[in-house]
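This report refers to the structure that appears directly beneath it.
No lab work stands behind these numbers, since they all come straight from the coordinates. Note that the structure is a prediction, hence the values are computed from the model and not measured. Because the Cβ atoms are built from the backbone with ideal geometry, glycine has one as well, and the counts that use them run over all protein chains shown.
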Amino acid sequence: MLSFPSLSIRRAALGLALTGAFTLAGAADFAGRGVFNFKSDAGCPFAALAGGGSECNRLALDDADTHAALDAAAHTIRFASTRSYPEKTIVGDVLLQGSGRARDGQRVPLTFHALLSRSGTEWSVSSHAHSPVSGEFDDIRIDPYKVTVNEPGTERVMLAPEQIVEALARPSLAARLANVFVQVDDNRADGARDADITIGLGLSRASKSVARARFRAPGAKGRDLAEAMQQGNWTLELQALSGQIPRQVVQRDLFLYGLESQSLLQPLLQRGFRKNEKLLLGAANGKGYIRYDGQQREFAGADAAARAFLQDSFIGLVLGWQQQQPQTATTKADGR
């Protein structure tokens, strides 16, 4: 698992999104460690990949002491906690799906991701935008959610809808303010169809490659992601190109995407990625599997996991976009 869950380069990592999430609709109160999906009225990044559904927004709670209430009609998400944490700790997150119009006029999928943390009894939030291409966007379409947290005797607004729109409209500015860029390079040779990217962290020539991600669908007739997976023979591969991906980031990703209980991945859960290690999800003749550290096991959830990854994570968003677009010499994207 590799992802970019915050603006801090120390916490930046790459993420495979695998999910066993619950679906929420309307108003809901919930608690306990878990990952929950709810409806996006603004649409999903790859509608066909979602099976025609729209439950691609996400809310996660990291422990049993954090509670949340979703009011879809009022577009409000309220977090609450009474626990005091000895150090800054991520207790939950919100991921909202949307889209924007690029300068060339095409509509591009955009994702907004916010992490809620507690230090002692104080709340903080870090947020960032994901886009599969670089640049700025207008005509932003995203559900206008407000995120609030409990304070003694009151409620504090951590994120307002206009802040979310601004982050999506100018994701490259957010990267500059964070003093870190995520560089994405297109590895495809001339005539290649399947997506293949390298992720680097840092500014231009100082960028350090940290991961490679590939999607392959031998025999697929077209570029459509859903059709490529429906034919039952595909692989989604992540390779760590650095041994410096923080272990705690890998651990949280395994939680977020339903992999922390997989026995095959317990070494990864305990120590994180070693340089050049690979994690692979795939299907052969319609049967799912997972492969890590030279070992392979059947995994019935491989298809759902890969679909969630391609929609929810920055790497997946870029892979999915590249898979469905004509090849270009170099692809640049924005994300953390």
321, 234 arranged by Cβ crowding within 10 Å, fewest neighbours leading: 321, 234
Treating only the Cα positions of region 72-216 as identical point scatterers, give the base-10 log of I(q)/I(0) from the Debye formula at each q in 0.08, 0.10, 0.15, 0.19 Å⁻¹. -0.30, -0.45, -0.91, -1.19
Per-residue Cβ contact counts at 10 Å, fewest first, order 229, 158 as 158, 229
Over region 182-323, equivalent-ellipsoid semi-axes from the Cα gyration tensor in Å: 23, 21, 12
Sort 249, 125 by Cβ crowding within 10 Å, fewest neighbours at the top. 125, 249
Cα-based Rg / Dmax (Å) for region 39-137: 16.0, 49
What FRET efficiency comes out for the pair residue 30/residue 189, r = Cβ-Cβ distance, R0 = 41 Å, nearest 0.05? 0.30
Report the label-to-label distance for residue 261 and residue 289 in nanometres (one decimal), using points 7 Å from each Cα along the Cα→Cβ vector. 2.4
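Residue 69 to residue 160: extension gain in nm, 0.36 nm per residue of separation minus the Cα-Cα distance?
On the way: separation 91, 0.36 × 91 = 32.76 nm, distance 1.62 nm.
The span from residue 69 to residue 160 would gain 31.1 nm if fully extended.
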